[in-house]
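**Q** Handing you this structure, nothing more for now.
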Amino acid sequence: MVEIVTRPHSRSIEAWGAAHPEAVVLSGDLTTSCEIDGFRDRFPDRFLSMGLAEQNMMSFAAGLAREGLVPHVHTFAVFMYRRALDQMEMSIAYPNLPVRVFGFLPGVTTPGGASHQAVNDIAVLRSLPNFTILETGDATDVESAIEVANSIDGPVYIRMVRGAVPRLFPKNDPMRLNRARVLTKGSDIALFTTGICTEEAMRAANVLREKGLSIAHLHVTTLKPFDDPQIAEVLANARYGAIAMENHTRIGGLGSCIAETIAREGLNVRLAQVALDDTYLQGASPKFLMRRYGIDATALVSAIENLVGQKFDLTEEALSEARVDTYINEKQQEAL
């Protein structure tokens, strides 16, 4: 049984704040929703509630960074890269300031509809010079992301999960910058997943391995930079091809990173994408949205069947038995 950790970011940022007096936290009027209410209560002199004014918040964070502080900015991802892109680019990225931007509710992780679902944030922010991009997929990622982010001399965007988060990876095996986590080794399929899609992919990958398919499965947490040598090596050894599975549009995210690697390395590898199509999403539960928009385990099985030219006749019941755990608490359906 997989451990479920409640609000892991809350504890990790409090611990970081206790050890680093230069760390300050900014909220876009979503303090509890971004799990920084504990930091607010414990370090009120280093907490700033900036209200629903994200552009001002990003500029203010840049000013704090220039004064030698290390701002950790929190709000929903859509309110950062959509509303405050100019400030992120000109005030933070251009001067290469150490601002840590925590973007919550990526893609299908909110039922709030298109106004709250960040489906193309990686594509947008990958294009900004100097920005490093990280994505969390389990409690261990969340707990260790803050240390990785603060090891970087420049701006960082962290795609965050929240609430009831499974611990898929050992607590003593944290996220590493520009180093994918190798979950399994294999030579038939190179499977690259990120964020919440890693847990979903494990539903299918575990069963397919039992059916004799050799799968190299890598959990990717660094989307920029993207030159981990493991990735090119796994791609080169994939007999049938590669699959990129992500909670993001197929344009500009993990799939694009993999395609760029294939082109740069001159590899002869087929690439299939299990990703959101060029569309906005409706409002519904994460589980429904993953199925509706084709980024769940059944979609992965179909993609693998197409690559290898073989039907595995897996039923939903078989996949459900292999499922690690429910990613989001079924009672947590609020958008805010």
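The values are calculated or read from the model by the stated rules, or taken from the named source; none is laboratory data. Predicted model only: the values in this text are computed from it and were never measured. Because the Cβ atoms are built from the backbone with ideal geometry, glycine has one as well, and the counts that use them run over all protein chains shown.
**Q** From ILE251, ILE189, grab the single residue that is more than 17 Å from the chain's Cα centre (by Cα) and touching a residue at least 12 places away in the same chain (Cβ under 8 Å).
**A** On the way: ILE251 fails: more than 17 Å from the chain's Cα centre (by Cα).
Only one candidate passes the filter, namely ILE189.
**Q** Please verify whether the stretch 62-71 includes one or more residues that are assigned to a loop (DSSP other than H, G, I, E, B), at positive phi and exposed (fewer than 15 other Cβ atoms within 10 Å of the Cβ).
**A** Quick first cut of the stretch 62-71, residues assigned to a loop (DSSP other than H, G, I, E, B) only: 67-69.
Add one more test, that the residue is at positive phi, and what stays is 68.
Then drop every residue that is not exposed (fewer than 15 other Cβ atoms within 10 Å of the Cβ), which leaves 68.
Yes, that holds for at least one residue.
**Q** Let me ask something else about it. Out of curiosity, is LEU97 under 27 Å from HIS248 (Cβ atoms) and outside any helix (DSSP H, G or I)? Please lay out each step first, then the result.
**A** Numbers: under 27 Å from HIS248 (Cβ atoms): yes; outside any helix (DSSP H, G or I): yes.
Yes, satisfied.
**Q** For the stretch 202-303, give me every one of the strands (runs of 3 or more DSSP E) that falls completely inside it and has 3 or more residues that are not β-branched (Val, Ile, Thr). Show your work before the answer.
**A** Numbers: elements: 215-220, 222-224, 241-249, 271-276.
In the stretch 202-303, the matching strands (runs of 3 or more DSSP E) lie at 215-220, 241-249, 271-276.
**Q** Quick check on VAL156: is it over 11 Å from the mean Cα position of the chain (by Cα) and among the hydrophobic types (A, V, I, L, M, F, W, C)? Working first, answer last.
**A** Working: over 11 Å from the mean Cα position of the chain (by Cα): yes; among the hydrophobic types (A, V, I, L, M, F, W, C): yes.
Spelling it out, VAL156 is indeed over 11 Å from the mean Cα position of the chain (by Cα) and among the hydrophobic types (A, V, I, L, M, F, W, C).
**Q** Moving on to the next point. So ALA204 clears everything in (1) aliphatic (A, V, I, L, M); (2) crowded, with 19+ Cβ neighbours inside 10 Å; (3) at pLDDT 95 or above except one condition, right? Which one?
**A** Here ALA204 meets the rest and fails (3).
Every residue, every condition in (1) farther than 22 Å from VAL156 by Cβ; (2) without any contact (Cβ under 8 Å) to a residue 60 or more places away in the chain; (3) of a type in the set (Val, Ile, Thr), yes or no:
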position: THR184; (1), (2), (3): yes, yes, yes
position: GLU200; (1), (2), (3): yes, no, no
position: LEU208; (1), (2), (3): yes, no, no
position: HIS217; (1), (2), (3): yes, yes, no
position: ALA232; (1), (2), (3): yes, yes, no
position: ALA236; (1), (2), (3): yes, yes, no
position: MET245; (1), (2), (3): yes, yes, no
position: THR261; (1), (2), (3): no, yes, yes
position: ALA275; (1), (2), (3): yes, yes, no
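Here's the yes/no breakdown for (1) outside any strand (DSSP E or B); (2) surrounded by fewer than 21 Cβ atoms within 10 Å (Cβ to Cβ); (3) modelled with pLDDT under 95; (4) among the β-branched types (Val, Ile, Thr):
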| position | (1), (2), (3), (4) |
| --- | --- |
| HIS9 | yes, no, no, no |
| ALA18 | yes, yes, no, no |
| LEU48 | no, yes, no, no |
| LEU52 | yes, yes, yes, no |
| MET58 | yes, no, no, no |
| PHE79 | yes, no, no, no |
| GLN87 | yes, yes, no, no |
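**Q** Please specify each residue of the stretch 44-68 satisfying the condition of being touching a Pro at 6+ places or on another chain (Cβ under 9 Å), of a type outside the set (D, E, K, R) and more than 14 Å from SER91 (Cα to Cα).
**A** Listed by number, the list holds a single entry, LEU48.
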